[in-house]
Amino acid sequence: MAKRLMPEKLLQSLRDEKRLRELAGAKSYERGEGYYEQGAVRSLVTHAGKLAARVEGTEDYTVVMWMENDVLRFTCSCPVGEREEFCKHCVATALTYIEAATSPATPEDEDDDEEDFDDELGYARPKVQTLNAVQSYLASCRKEQLVELLLDVALQSDEWRARLKRKACGRER
């Protein structure tokens with residue numbers, strides 16, 4: 001088994017089911033369990049101590065979780081998450097991450113984007129991915145290549161275009 005590079009404090013915090021229930025409330029926790037059981041979490045990525053996930057709901061939502069001064073921090077792009085509440089998408093992400101982080105790993109898992117279809121579940125659970133290969137690639141690029149890459153991303157993504165415009169105008173650090 002390969003050693004997984006997981007944010008250990010984050011994993012430890014998310015394993016506390018009582019705490020997750022308190023954060024989410026009974027209704028959101030139950031709904032999040034349903035999302036977890038249905039396989040609504042479609043991707044899990046860790047980098048620099050953070051966990052990011054894409055969760056299918058009414059729309060696709062992005063969840064990000066991390067530890068800051070031993071406190072669990074989180075964001076979700078859904079309306080509940082935008083009110084800074086621990087929503088059902090956060091619960092589903094936490095439960096999926098716990099399962100993925102504690103399942104046996106093989107050496108080829110780390111940057112393998114392939115999901116393993118589970119016949120019992122009827123869908124594929126996402127593997128935890130890292131950005132190690134992406135980080136190595138970006139570190140090897142010249143400044144001009146990085147600028148061109150970001151401009152391409154901004155052309156294709158309203159979210160990234162707005163984010164880069166805010167940074168260019170000094171409204172975001």
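Quick look at the values:
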quantity	calculated
Given (1) surrounded by 14 or more Cβ atoms within 10 Å (Cβ to Cβ); (2) free of Cβ contacts under 8 Å to residues at least 60 places away in the same chain, index of the condition Arg42 fails	(2)
Every residue from the stretch 133-143 that is surrounded by 12 or more Cβ atoms within 10 Å (Cβ to Cβ) and without any contact (Cβ under 8 Å) to a residue 60 or more places away in the chain	Val134, Tyr137, Leu138, Cys141
For Met67: the one exception among (1) assigned to a strand (DSSP E or B); (2) of a type outside the set (S, T, N, Q); (3) modelled with pLDDT of 95 or more	(3)
Subset of the stretch 44-60 [hydroxyl-bearing (Ser, Thr, Tyr) and either part of a strand (DSSP E or B) or in contact with a helix residue (DSSP H, G or I) (Cβ under 9 Å, 6 or more places away or on another chain) (or both)]	Thr46
Residue tally, condition touching a helix residue (DSSP H, G or I) at 6+ places or on another chain (Cβ under 8 Å) and small (Gly, Ala, Ser), over the stretch 145-166	1
The stretch 12-38 - residue that is assigned to a helix (DSSP H, G or I) and among the basic types (Lys, Arg) and, of those, surrounded by the fewest Cβ atoms within 10 Å (Cβ to Cβ)	Lys18
Qualifying residue in the stretch 148-167 (condition: β-branched (Val, Ile, Thr) and at pLDDT 85 or above)	yes
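The values are calculated or read from the model by the stated rules, or taken from the named source; none is laboratory data. Predicted model only: the values in this text are computed from it and were never measured. Ideal geometry is used to build each Cβ from the backbone, glycine not excepted, and the neighbour counts take in all protein chains shown.
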